[in-house]
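Some notes on the structure that comes next.
What follows draws every value from the coordinates through simple rules; no lab data is involved. Nothing here was measured: the structure is a model prediction, and the numbers come from that model. Every residue, glycine among them, receives a Cβ derived from its backbone with ideal geometry; neighbour counts consider all protein chains shown.
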Amino acid sequence: MNVTTSSPADEVGTHPEHPAATSRRWGLDLVILLFVFVATLVPVTGGPKMGDHEALVAQCARDMRMTGNWLVPHYLGEPYVRKPPLPYWIIAGLSYVLPHDPNTGLPVTTFIARLPSALAAFGTVLLLWKLAAFMFSPRVGRVTAVVGASSLFFLLYAPNATVEMLLTFCCVWAHFHFWIGVNQPLGSNKRRLHFFFYYVALGMGMMAKGPFPLVMVALPIAAWWYLDRPLSFVAQGTQQAWSILLQRSPGSGKAALRAYGQGWTLALADLFGNPGIGRRTIQAFKELYILPGLVVFALCFVPWMYLVGREHPHAWNLWNWQYMQRVQGKYDDTRPRGIFYYVPRIAGMVLPWVFMVFEAAAAPWLRKYARERSALLYAGLWALIGAVVMSLIEFKKPYYVAPMIPALVLLLGVVAERFYAEPQRWIRPGRVLLPILALAGVGGLIGGYFFLRREMPDLAMALTIIAAGTLVLLLLAGLAFVLGRAWVAFGLTATTSVLAFMASWFFCGQAMNNIGKVTALHQVLEDNGVPDDADVYWVSRRQDSRLSFYYARYTKQMIQPAEIVNLFVDRTKSHDNLRSMVMDRARSLLESPKPVYLILDRDEYGLAKMAGMGNLARVIGFAPDEAKKDSDWMVITNVKE
């Protein structure tokens with residue numbers, strides 16, 4: 001396969017490059033590297049407190065450190081094997097060389113918990129830089145790195161302790177080695193080495209978040225392997241048809257239709273004739289080292305699953321519930337979300353570069369990108385299949401599409417390089433659009449201020465000032481573009497995106513009271529003299545991890561997942577049975593002579609009173625939820641005053 005470049009200026013000629021030019025390139029690379037470092041690694045040094053899911057990962061890592069059990073993750077004393085342990089291993093490992101939490105004296109801090117995601121984001125952008133340079137050209141590689149580091153996805157998830165960025169890194173790592181490996185000579189040591197690391201990366205992705213790499217890596221690669229040539233024929237036929245139609249000559253319609261049909265004829269002949277699916281499959285086993293690769297892949301995660309399943313047999317039911325039932329929409333938290341749920345979220349994740357997303361999606365089919373078609377089809381299928389499969393799954397979360405965002409960044413990098421290198425055709429429309437965008441931006445600022453004043457009154461003014469500064473800088477970038485300083489506009493746009501996020505993260509993040517409810521709950525327990533070793537149960541939900549992580553208050557879940565998965569296969573059809581089970585367990589605890597404390601929502605307390613438990617317990621305090629009053633936490637106990 002031939003790898004072409006899109007920027008002749010970046011091609012290495014037969015004559016040695018001038019030392020001054022080499023120095024400038026090295027200088028530019030260092031600036032970009034510093035930019036990526038700041039965008040991905042600096043935010044972990046500050047920002048808001050961790051959310052519940054972040055703190056859960058951190059707490060599992062802390063428990064791993066404290067118990068010394070590195071095989072079976074634990075969460076507040078109970079086995080927690082629904083997710084693979086790779087993120088816990090990394091965080092727990094880092095806690096050996098970094099200081100303990102000064103407030104609790106325990107290993108793992110917010111910084112340590114978030115650092116692996118930041119390192120993964122930094123590594124992912126560097127991999128995209130190298131991959132784009134190999135696929136297209138060195139300049140496209142640099143542009144891709146800047147686009148990636150300044151996109152909202154990387155800015156948001158780099159300082160996030162959840163597993164999404166680590167999973168994304170593993171997926172990009174696998175794609176990186178596959179693409180470079182498949183372009184090495186057959187039988188070469190380089191090819192074997194790259195494919196070895198491809199299967200390792202795929203296996204590590206399984207240890208990060210279960211079967212996601214199969215959807216985000218293996219399935220797109222399989223599609224590209226079989227469809228690369230057929231889709232290229234279709235694209236060529238489509239382009240020829242459009243060229244004929246644009247000539248507007250007599251009979252152009254029939255000629256265009258013939259050209260289009262010929263493209264499909266060649267595609268179908270290639271797919272089902274010669275070489276055909278069968279021959280391509282045989283080639284895959286030989287050229288992609290599938291059989292030995294599957295062994296390497298399986299060795300990365302199967303031993304852990306086997307050992308955990310042998311020690312905790314319910315783990316197999318738990319994994320079925322965690323993955324298969326989510327796919328089928330039988331998970332108890334499944335909400336009706338349409339087929340286009342991810343479309344606006346994907347667009348938001350590539351801000352501020354979303355204005356190029358339509359051309360990025362169409363790039364594999366456009367004549368001006370014909371030299372890079374195979375690589376563009378690869379990235380396009382990676383993005384498309386990841387988004388489509390996640391959209392077809394009943395259970396949806398915004399971050400499920402995270403591993404396909406780098407594919408879109410690759411496409412955007414190609415388009416952005418051409419857009420800013422050849423700005424002439426866009427300068428005149430830009431002069432018209434710029435004042436319109438300025439007026440729209442001012443209107444958005446005014447409307448946004450009143451919205452924020454209602455929803456986040458303490459932060460409304462600060463966020464509005466940040467938004468106003470962002471608007472000014474983006475308008476200056478637009479002005480630089482229409483004045484012919486396209487690369488200045490590119491750099492200013494990327495810098496503005498990072499600065500806006502940093503300002504919001506550092507200056508507003510600390511002011512965000514995102515654990516106010518947890519703090520209030522801790523205060524209720526402290527004010528009522530509840531001992532640290534008291535039996536405190538959450539009635540119908542998992543413990544909020546922030547209570548244990550930030551306040552070292554270890555609580556219990558009244559009904560463990562191990563009980564539920566062995567009793568109820570489809571939890572969406574078992575709500576009444578689960579509710580009865582919860583109420584019976586709560587009554588049993590309150591009737592026991594041992595002091596217990598139950599944490600429940602306000603509406604759950606109403607159900608408990610209806611079930612006759614009002615005379616068994618007394619309320620000792622509330623942890624108010626400012627957004628939803630029905631979600632206030634109440635603490636009740638059987639301890640007499």
Worksheet item: Using 1/(1 + (r/R0)^6) with R0 = 22 angstrom and r between the beta carbons of A284 and S188, what's the FRET efficiency to the nearest 0.05?
Response: 0.80
Worksheet, complete the sentence: Contour minus Cα-Cα span, E526 to H575, at 0.36 nm per residue, comes to 14.3 nm
Fill in: Of K49/K556; K83/K628; K130/K190, pairs whose Cα-Cα distance is over 25 Å
K83/K628
Response to the item:
The rounded separation in angstrom of the Cα centers of the stretch 126-187 and the stretch 24-90 is 19
Discussion item. Please compute, for the alpha-carbon atoms of the chain, the extent along each of the three principal axes and give them in descending order in Å.
Written reply: 92, 57, 54
Worksheet item: Spin-label point model (7 Å from Cα, Cβ direction): what's the F355 to R82 distance in nm?
Response: 4.3
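Counting DSSP beta bridges in the chain, what percent are antiparallel, to the nearest 5?
65
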Worksheet, complete the sentence: Checking rank on 124-133, 557-566, 164-173, with mean other Cβ inside 10 Å and highest first, the result is 164-173, 124-133, 557-566
Fill in: Square roots of 5 times each gyration tensor eigenvalue, C-alpha, the stretch 469-564, largest first, Å
50, 16, 9
Worksheet item: Helix 138-150 versus the longest principal axis of the chain: what angle, 0 to 90°, nearest 10, using Cα atoms?
Response: 30
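Please find the FRET efficiency linking R618 to R248, where r is the Cβ-Cβ separation and R0 is fixed at 56 Å, and quote it to the nearest 0.05.
E(calc), rounded to 0.05, equals 0.05.
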Fill in: Pairwise FRET efficiency - W316 versus L392, Cβ, R0 = 22 Å, nearest 0.05
0.30
Fill in: the chain - charge dipole about Cα centre, Lys and Arg +1 at Cβ, Asp and Glu -1, debye rounded to 20
2020
Worksheet item: Could you state the principal axis extents of the C-alpha atoms in the stretch 129-254, from the largest down, to the nearest angstrom?
Response: 62, 40, 30
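Could you work out the helix-only [θ] at 222 nm for the chain, with each DSSP H run of four or more residues adding -39,500 (n - 2.57) and the total divided by the number of residues, to the nearest 500 deg cm²/dmol?
It comes out at -20500 deg cm²/dmol, rounded to the nearest 500.
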